[in-house]
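The values are calculated or read from the model by the stated rules, or taken from the named source; none is laboratory data. Source: prediction; values computed, not measured. Using ideal geometry, Cβ is built from the backbone for each residue, glycine included, and neighbour counts are taken over all protein chains shown. Each accessible area value is taken on the protein alone, full model and side chains, heavy atoms only, with ligands, DNA and RNA left out. Shrake-Rupley method; radii C 1.70, N 1.55, O 1.52, S 1.80 Å.
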Amino acid sequence: MQSDPHDPAQPSAARKSPWPRRALWVALLLGAGFAAWWFLLRPPPPPPNTPGPWSIPIPVRVETARTEDFTVQARAVGTVTPYNTVTVRSRVAGQLARVLVREGQKVTKGQLLAEIDPEPLRVALAQAQGQQQQNLAQLRNAESELARYDMLFKRDAVARQVLDRQAALVQQLRGTLKSDEAQVDNAKLQLSYTRITAPIAGRVGLRRVDAGNLIAANDANGLFTLTQTQPVSVAFSVPEPQVADVRAAHDTGNNPPRAEAWDRDNRTRLAVGRLDTLDNQIDAATATLRLKARFENADDALFPNQFVNVRLALRTLPGVVTIPTDAVQHGSRGSYVYVIADGKARVRTLTLGPASGGRTVVLQGIASGEPVVLEGLDRLEDGRAANIVQQPEPAQLPAASPLAPEAAAPAVAAPASAPAR
């Protein structure tokens, strides 16, 4: 027979719920865990005078603002261009007899470069000279006949018409002789063209025709090219806002602005020159003005079509306060820097001037000698404590010393013997 739980006759212990007892055990376990954490695992309290993480001084590196003469520069990327470039071509047709220069060789103006076979043109010159001698003999005979007819005409021995006809023949032969002289001169000129000389001083390019080949007169490809690299030009462009400063510097008179050519990384100065010329108009497509600087290039540091960084000096500001450009910050308050005063960082709003070469001119807001924060800016704020650290010096390695016998060969522990089986 099944018992009824609602029967009042049943025992009261059977009707009690187990949940109060379970909750009691859970509370006891939680209390025991909290007590263990409190007495065993809880970290010790900090000392009463220990600063918080936001009150620790920030290490920063500073650089002092200084007074100096500042050169305002225009910077651009330029291309080295030869001062003159000539394609050496033959002015007469014929066989290339010999080439007297090597590829890449430096030559002087007027130096013999190559020769064309001159024999066909010598034959043409001899033919023109023979024709000239023939016509000269005819002229002399006609002039003697004219003198005889003139004497006979004075004695009324010949008619006037005969004298005039002979005088006309003399004039005709004189004209023919002039034409012969021109032909002889042209033949001599063509013969001189068989000797190809350098029109400028420069460097020989790669040869396009070898000796022994037949070449045409005024071939478009030519034999090779000559490039003049001493002096050499560097072409570059400046933006339109700098055109006024460039023109003012260029119009100063006998002292054109100084130009410097640096390598691609802006680490090594290659050459120093002067601004040579300006273009006559601004390029409307790029809003830039083309310029050319002249470099003597005595050491051949600049090579044609080489890309260089150009620094053009426009003017000099004497005795101005300058700071590193990397120290300048920009925000809603304008341009500002952090300076260190009494161990704390202070914000200074600045009025800036031109910048060049990693430094910026300060017109107002800072004095010479004040320490300007250069590194550690990301965690600074106005009034934050700061600790100035010095720039670490490069570590110097100690001189190599011979190893001690013990250090030369490190000891190796002998392996333990395996247990006997």
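Those residues that are touching a Ser or Thr at 6+ places or on another chain (Cβ under 6 Å) and either assigned to a strand (DSSP E or B) or aliphatic (A, V, I, L, M) (or both), I need them from segment 356-374; list them, please.
Within segment 356-374, Arg359, Thr360, Val361, Leu363, Gln364, Pro371 qualify.
If you take the residues of segment 234-258 that are within 23 Å of Phe303 (Cβ to Cβ) and touching a Lys or Arg at 6+ places or on another chain (Cβ under 6 Å), which of them is least open to solvent (accessible area, probe 1.4 Å)?
Filtering first and then ranking leaves Ala235.
Among (1) surrounded by 12 or more Cβ atoms within 10 Å (Cβ to Cβ); (2) modelled with pLDDT under 85; (3) within 19 Å of Arg61 (Cβ to Cβ), which single condition is Glu393 missing?
Failing condition for Glu393: (1).
Which one is nearest to Ser192 (Cα to Cα) among residues in segment 80-92 that are in a loop (DSSP other than H, G, I, E, B) and open to solvent by 70 Å² or more (accessible area, probe 1.4 Å)?
Arg91
In segment 275-312, which residues are assigned to a strand (DSSP E or B) and of a type in the set (Val, Ile, Thr)?
Passing the criteria: Thr277, Thr288, Val308, Val310.
With respect to the numbered conditions (1) surrounded by fewer than 12 Cβ atoms within 10 Å (Cβ to Cβ); (2) among the polar types (S, T, N, Q); (3) in contact with a strand residue (DSSP E or B) (Cβ under 7 Å, 6 or more places away or on another chain), which one is the sole condition not fulfilled by Gln161?
Of the numbered conditions (1) surrounded by fewer than 12 Cβ atoms within 10 Å (Cβ to Cβ); (2) among the polar types (S, T, N, Q); (3) in contact with a strand residue (DSSP E or B) (Cβ under 7 Å, 6 or more places away or on another chain), the odd one out for Gln161 is (3).
Based on this model, can you work out whether Arg294 counts as open to solvent by 30 Å² or more (accessible area, probe 1.4 Å), more than 29 Å from Gln105 (Cβ to Cβ) and out of contact with any His (no Cβ under 9 Å at 6 or more places or on another chain)?
No: the conditions fail for Arg294.
Regarding segment 145-161, can at least one residue be identified that is in contact with a helix residue (DSSP H, G or I) (Cβ under 9 Å, 6 or more places away or on another chain) and of a type in the set (S, T, N, Q)?
no
Have a look at Arg122, Arg98 and point out the one that is open to solvent by 80 Å² or more (accessible area, probe 1.4 Å), among the basic types (Lys, Arg) and part of a helix (DSSP H, G or I).
Just a single option satisfies the conditions, and that option is Arg122.
Filter segment 91-144 for residues that are free of Cβ contacts under 8 Å to residues at least 12 places away in the same chain and of a type in the set (D, E, K, R) and give the result.
Hits for segment 91-144 are Glu119, Arg140.
Evaluate the following for Gly52: is it small (Gly, Ala, Ser), under 30 Å from Ala293 (Cα atoms) and either at pLDDT 90 or above or in a loop (DSSP other than H, G, I, E, B) (or both)? Even if it seems obvious, please write down each step before you answer.
Working: small (Gly, Ala, Ser): yes; under 30 Å from Ala293 (Cα atoms): no; either at pLDDT 90 or above or in a loop (DSSP other than H, G, I, E, B) (or both): yes.
Spelling it out, it is not the case that Gly52 is small (Gly, Ala, Ser), under 30 Å from Ala293 (Cα atoms) and either at pLDDT 90 or above or in a loop (DSSP other than H, G, I, E, B) (or both).
Residue-wise test of (1) under 25 Å from Asn266 (Cα atoms); (2) free of Cβ contacts under 8 Å to residues at least 40 places away in the same chain; (3) surrounded by fewer than 13 Cβ atoms within 10 Å (Cβ to Cβ).
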{"residue": "Phe307", "(1), (2), (3)": "yes, no, yes"}
{"residue": "Val310", "(1), (2), (3)": "yes, no, no"}
{"residue": "Gly331", "(1), (2), (3)": "no, yes, yes"}
{"residue": "Arg348", "(1), (2), (3)": "no, yes, no"}
{"residue": "Glu381", "(1), (2), (3)": "no, yes, yes"}
{"residue": "Arg384", "(1), (2), (3)": "no, no, no"}
{"residue": "Ile388", "(1), (2), (3)": "no, no, no"}
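If I filter segment 193-213 down to residues being more than 27 Å from the chain's Cα centre (by Cα) and either free of Cβ contacts under 8 Å to residues at least 12 places away in the same chain or not in a loop (DSSP other than H, G, I, E, B) (or both), which single residue comes out as surrounded by the most Cβ atoms within 10 Å (Cβ to Cβ)?
That would be Ile196.
Among the residues of segment 322-344, how many are outside any strand (DSSP E or B), at negative phi and of a type outside the set (A, V, I, L, M, F, W, C)? Before you say what the answer is, go through the steps one by one.
Just the residues of segment 322-344 that are outside any strand (DSSP E or B), to begin with: 325-328, 332-333, 342-343.
Pick out the ones that are also at negative phi and you get 325-328, 332-333.
Okay, now just the ones that are also of a type outside the set (A, V, I, L, M, F, W, C), so 325-326, 332-333.
Number of matching residues: 4.
Quick check on Val243: is it in contact with a Leu (Cβ under 6 Å, 6 or more places away or on another chain) and under 30 Å from Leu278 (Cα atoms)? First the steps, then the outcome.
On the way: in contact with a Leu (Cβ under 6 Å, 6 or more places away or on another chain): yes; under 30 Å from Leu278 (Cα atoms): yes.
Against the criterion (in contact with a Leu (Cβ under 6 Å, 6 or more places away or on another chain) and under 30 Å from Leu278 (Cα atoms)), Val243 qualifies.
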